[in-house]
Amino acid sequence: MSSNGYTHILVGVDFAPESEVVLERAVMMRDRFDARLSLVNVVDYVAPGTEYAGGAFVAEPILPDDGRLEKELLELAQKEIDVLGERLSVPAPDRIIESGPTARSIQHVARDIGADLVIVGVHERNWLGRLLGSTPQSLLKHEVCDVLAVRLDGEAEAD
């Protein structure tokens, strides 16, 4: 971050209608700081039959998987991020599709592009999500850069 504010903002996008508030905040921050804005979507695909525990895949897929489904998911994500990028005036090189665990992928992209702020939505809708942790919590633990976690509408709970 420069003394004038943020210079390169990375926003995690999932294309869900309720995540529009995340995009609004990202555009507001981009405009406020005259910063570069990059979009990242992570396809967190796990092949059928593969178990995921403790941050690692622990079994070989039981069902044959020749990568077609993941390829289709990546192609669909690219189409959606291109539409979103056009709407938000984000140049094609700043529209990034990754595959893998969401938080880790966002961390790698943020580090690779030199982002000084990551903006993500909070999707903790149930006890399991809170128990396992969230993408914003994971991003904060690894201190790649500042993180703005935007609470999505309808998720506020009375404590």
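Overview of values
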{"quantity": "V22, V147, reordered so the largest accessible area comes first (probe 1.4 Å)", "calculated": "V147, V22"}
{"quantity": "Probe 1.4 Å - accessible area at T7, Å² to nearest ten", "calculated": "70"}
{"quantity": "Packing-based ranking, highest mean first, of 29-39, 79-89 given that Cβ atoms within 10 Å are counted", "calculated": "29-39, 79-89"}
{"quantity": "Shape call, region 3-46: gyration tensor on alpha carbons, a/c limit 1.5", "calculated": "oblate"}
{"quantity": "Per-residue HN-Hα couplings for region 83-95 [Karplus 6.51, -1.76, 1.60; θ = phi - 60°; Hz; x = Gly/Pro]", "calculated": "4, 5, x, 4, 4, 9, 6, 9, x, 3, x, 9, 10"}
{"quantity": "Accessible-area ranking of H8, H108, largest first, probe 1.4 Å", "calculated": "H108, H8"}
{"quantity": "Efficiency of FRET from Cβ geometry, A92 and M28, R₀ 22 Å, rounded to 0.05", "calculated": "0.45"}
{"quantity": "In nm, spacing of pseudo-spin labels at E72 and V21 (7 Å Cα→C-beta vector)", "calculated": "3.4"}
{"quantity": "Rounded accessible area of R151 (nearest 10 Å², 1.4 Å probe)", "calculated": "140"}
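The values are calculated or read from the model by the stated rules, or taken from the named source; none is laboratory data. A quick note: this is a predicted structure, and the numbers were derived from the prediction, not measured. Neighbour counts are summed over all protein chains in view; Cβ atoms, including those assigned to glycine, are modelled from backbone coordinates with ideal geometry. Remember, those area values only see protein heavy atoms, side chains included, never the ligands or the DNA or RNA. Shrake-Rupley method; radii C 1.70, N 1.55, O 1.52, S 1.80 Å.
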